Amino acid sequence: MEKIVEINCLEHIYPDRTRLEICGIELFVGRGERVAVLGPSGSGKTTLLKHIVGLLTPSNGLVKVFGVDPAKEYKKIRQKIGVILQNVEEQLIGPTVLEDVMFSPLNYGYSKEQAEQMAEKVLSELEITHLKHKIIHYLSGGEKRKVALAGALVMKPELLVLDEPFAGLDIKTEKTYIKLIKDYSQENNISVIVSLHNVELVSEFADTVYLISSRDNAIKKGTPAEIFSQPAELQKFNLEEPVMVKLFNRLKQSGLDVKIPVNVDEATQIIQNLCH
């Protein structure tokens, strides 16, 4: 698999001399792969993503994105990357939705007509065309995140970097938003790396999971099924397995020969098989 992002033994020292180290295994994102980074608050998830988009320079270690050092050569790759950071409000700069999504194409030298066509296209693909003339200030939290996603996707990036993109959303909006991202990434072969603290969202979205903890200098990699079948490992990272996984782990411990499902469809099939 072609490596879009490579991180090896990243060390970052904050201004207060606090030291973050993510070392032990290489962290990478392949072409078209969806990667979730899990960890408790303060584990270094945001710092990690800021290194990927060139906002921070490592004290030590390797960070490569599309084969270059993003801290030094971000201009070479910026058109390939779509970014949504935690504070979406700071990324929405246009008075209306359409004008906001047009901003990047205009900034890259496209004509107003071309920029409008590009914005209209991505709004249609995300099924939010009805918002295009709305004033940004009056949108709901979920609508603002969808507009930020449109802005991140309008240039057809090859990599999408999302920092806690579902924070503050209700469960229904979370699921809608994550489906939008998953479907779009699959249809366009876009690589995605997303930081999360809500384990319930991971199995519906990610191909690969990394657990990180800067406090213990720990990192672990696996598929959602591999990671969630090890509750003791999750606890080391101050995380619990999703409720559905917890249920099936308990069934397994009670003597039932069941595999651990990673989504509702798998769980349904397992239960149906047990009933026959």
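What to note about this one:
- Residue tally, condition of a type outside the set (S, T, N, Q), over 30 Å from the mean Cα position of the chain (by Cα) and not in a loop (DSSP other than H, G, I, E, B), over region 249-276: 5
- None of GLU240, GLU204, GLU233 is assigned to a loop (DSSP other than H, G, I, E, B) and under 25 Å from LEU20 (Cα atoms) except GLU240.
- Filtered by the rule that a residue be surrounded by fewer than 11 Cβ atoms within 10 Å (Cβ to Cβ) and more than 12 Å from VAL199 (Cα to Cα), region 231-249 gives a lone residue, ALA232.
- Consider region 166-202 and keep the residues that are touching a strand residue (DSSP E or B) at 6+ places or on another chain (Cβ under 6 Å) and either surrounded by fewer than 19 Cβ atoms within 10 Å (Cβ to Cβ) or under 17 Å from VAL5 (Cβ atoms) (or both). The one that is modelled with the lowest pLDDT is LEU196.
- Selected residue (criterion: nearest to GLN91 (Cα to Cα)) from residues of region 165-191 that are outside any helix (DSSP H, G or I) and out of contact with any Pro (no Cβ under 7 Å at 6 or more places or on another chain): PRO165
- Residue count for region 1-38 satisfying the condition of being surrounded by 14 or more Cβ atoms within 10 Å (Cβ to Cβ) and at pLDDT 85 or above: 21.
- Scoring GLU127 on the criteria (1) part of a helix (DSSP H, G or I); (2) over 19 Å from GLY54 (Cβ atoms); (3) under 23 Å from the mean Cα position of the chain (by Cα) leaves a single failure, condition (1).
- Test: residue in region 149-164 that is part of a loop (DSSP other than H, G, I, E, B), at pLDDT below 95, under 16 Å from the mean Cα position of the chain (by Cα) and more than 22 Å from LYS76 (Cβ to Cβ): yes
- Check on LEU20, in contact with a Gly (Cβ under 6 Å, 6 or more places away or on another chain) and over 27 Å from TYR184 (Cβ atoms): yes
- Filter result (surrounded by fewer than 20 Cβ atoms within 10 Å (Cβ to Cβ), without any contact (Cβ under 8 Å) to a residue 40 or more places away in the chain and outside any loop (DSSP other than H, G, I, E, B)) within region 78-111: ARG78, GLU90, GLU99, LEU106, ASN107
- Failed item, numbered, when GLN114 is tested on (1) open to solvent by 50 Å² or more (accessible area, probe 1.4 Å); (2) over 28 Å from VAL68 (Cβ atoms): (2)
- Among the residues of region 207-230, the ones that are assigned to a strand (DSSP E or B), more than 12 Å from the chain's Cα centre (by Cα) and surrounded by 17 or more Cβ atoms within 10 Å (Cβ to Cβ) come to 7 in all.
The values are calculated or read from the model by the stated rules, or taken from the named source; none is laboratory data. All figures in this text were calculated on a predicted structure; none of them were measured in a lab. A quick note on method: Cβ atoms are made from the backbone with ideal geometry, for glycine too, and the neighbour counts reach across all protein chains shown. In case anyone asks, the SASA skips ligands and DNA or RNA and just uses the protein heavy atoms, side chains included. Shrake-Rupley method; radii C 1.70, N 1.55, O 1.52, S 1.80 Å.
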